[in-house]
Amino acid sequence: PFTRARGGAVLDDAVVAELAAAGLVGLEADHPDHDEATRRHTRELAAQLGLVTTGSSDFHGRGKTSRLGDNLTAPGVLEQIEGRATGTRVLRP
């Protein structure tokens, strides 16, 4: 939610809190566009709201500065996400 778009944050904390109240499970904290202050803020907000934090390489092919697999989501967080899933079963390769 805190990736910069045209110079300003995409979402603010109040909107994230509303989304959490509506059932949001997690926030992407570890992202190539996030500096340490943004990552710290995202983790603190997630903790306050009872959300998990995830990572993302944001890798969609050529021309990216990040590598596939950068900023991974911790295995324990994946287990938490799976534990909160409803309406389907987790499929593994």
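With r defined as the distance between the Cβ atoms of Asp33 and Val90 and R0 fixed at 25 Å, what FRET efficiency is calculated, to the nearest 0.05?
Using R0 = 25 Å, I get an efficiency of 0.30.
Take each of the peptides 83-91, 27-35, 46-54, 71-79, average the number of other beta-carbon atoms within 10 Å over its residues, and list them starting from the highest.
27-35, 46-54, 71-79, 83-91
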- Note on the structure: Between Ile81 and Ala17, the FRET efficiency computed from the C-beta separation at R0 = 22 Å comes out, to the nearest 0.05, as 0.65
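Quick note: the coordinates plus some simple rules give every number you see, no bench work behind them. For clarity, every value in this text was computed on a predicted model and none was experimentally measured. Every residue, glycine among them, receives a Cβ derived from its backbone with ideal geometry; neighbour counts consider all protein chains shown.
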